[in-house]
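Undergrad: Below: one structure in structure tokens.
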Amino acid sequence: MLDQFSRTQLLLGKEGIERLSGSRVAVFGIGGVGGYVCEALVRSGVGAFDLIDDDRVCLTNLNRQILATRKTVGRYKAEVMAERMKEINPNVQINIHKCFFLPENADDFPFEKYSYIVDAVDTVTAKLEIILRAKAKGVPVISAMGAGNKLDAGRLRVADIYETKVCPLARVMRYELRKKGVKKLKVVYSDEVPTRPIEDMSISCRTHCICPPDAKHKCTERRDIPGSTAFVPAVAGLLIAGEVVKDLTGRNR
């Protein structure tokens, strides 16, 4: 019977669509990368999601985040993304977690119930905990490396973490994961040398923060405020979504 996933079924087959429909994917970080992951996966027919993010849409997100519009500024990203996904597929099941993932609250998440885990968060501490929990439960995980300060989406790659090069975040993650005994991890990264952001305080969040007054994590607290584009995070998110779909349907074997 013809439905909204018929075109995808022409490529993945009925069994592939059924596998996606029966899958539950956790997306940690619903920003420039994670938003496009959610967008592509719900359009691909994944049946259930956990969306984890405590941040709200900011005016500066409009340049790269698919959930950011003038109407959604100030709202929780996880809620906005969930509404958008429901408009695409009313039958999708979504659990929203409006919190910042940390080792301290990791026990609140049912890692063993996830079919796949997407790490699209920014901090090394959170990334490591997500990856270690996923590995401990035997759940496949893919991790996004740095997409900020990049201009060439064609330099994005899917690779094992120990095959990455150039990316500063990937270098730190390689070091930390090796210490933890993690032998492999699928990542999306860029081998482009990062562009140094222009030092213009007139347009810097450092001196002109416009985060909501009650925001838990403001730009002024960050060590560095990276530049960003509309296309690099989007391509990173779509590459991740493609890997998730192929892994869940057995296309990567």
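Undergrad: Got a sec? How would Met85, Met145, Met1 order by Cβ neighbour count within 10 Å, fewest to most?
TA: Numbers: Met85 21, Met145 24, Met1 3.
The fewest-first ordering by Cβ neighbours comes to Met1, Met85, Met145.
Undergrad: Once you compute Rg and the Kirkwood Rh from C-alpha atoms, what is the Rg to Rh ratio for segment 29-79?
TA: 0.97
Undergrad: I would also like to ask the following. Would you mind ranking Val25, Val124 by Cβ crowding within 10 Å, fewest neighbours first?
TA: Fewest to most other Cβ atoms nearby, the residues stand as Val124, Val25.
Undergrad: Which order, highest average first, do 30-36, 44-50 follow once you tally other Cβ atoms within 10 Å for each residue and take the mean per peptide?
TA: The packing order, highest mean first, is 30-36, 44-50.
Undergrad: Quote to one decimal, in nm, the extra length available between Gln4 and Lys71 on full extension: 0.36 nm per residue of separation minus the C-alpha distance between them.
TA: Additional length available on full extension: 21.4 nm.
Undergrad: Next question. Quick one: Ser228, Ser6, fewest Cβ neighbours within 10 Å first, how do they rank?
TA: The fewest-first ordering by Cβ neighbours comes to Ser6, Ser228.
Undergrad: Using the per-residue mean of other Cβ atoms lying within 10 Å as a proxy for protection, in what order, highest first, do the peptides 8-14, 188-194, 135-141 fall?
TA: Values: 8-14: 13.4, 188-194: 20.7, 135-141: 15.6.
The most tightly packed comes first, giving 188-194, 135-141, 8-14.
Undergrad: Of Val124, Val188, Tyr36, whose Cα points farthest to the positive end of the dipole of the chain (charges on the beta-carbon: +1 Lys, Arg; -1 Asp, Glu; origin at the Cα centre)?
TA: Selected residue: Val188.
Undergrad: Sticking with the crude label model, points 7 Å out along Cα→Cβ, report the distance from Asp54 to Gln93 in nm, one decimal please.
TA: For the pair Asp54/Gln93, the computed spacing is 2.7 nm.
Undergrad: Taking 7 Å along the Cα-to-C-beta vector as the label spot, tell me the Asp107-Val172 distance in nanometres, rounded to one decimal.
TA: My value for the distance between the label points is 2.8 nm.
Undergrad: Let me ask something else about it. Using +1 on the beta carbon of Lys and Arg, -1 on that of Asp and Glu, and nothing else charged, what's the dipole of segment 22-248 about the Cα centre, debye to 20?
TA: Dipole of segment 22-248, to the nearest 20 debye: 360 debye.
Undergrad: Please report the net charge: other residues with Cβ closer than 14 Å to the Cβ of Ala48, K and R +1, D and E -1.
TA: Result for the neighbourhood of Ala48: +2.
Laboratory data are not the source of any read-out in this text; all were calculated from the coordinates shown. Here the structure is a predicted model, which is why all the values come from computation and not from measurement. All Cβ positions, glycine included, derive from the backbone under ideal geometry; neighbour counts span all protein chains shown.
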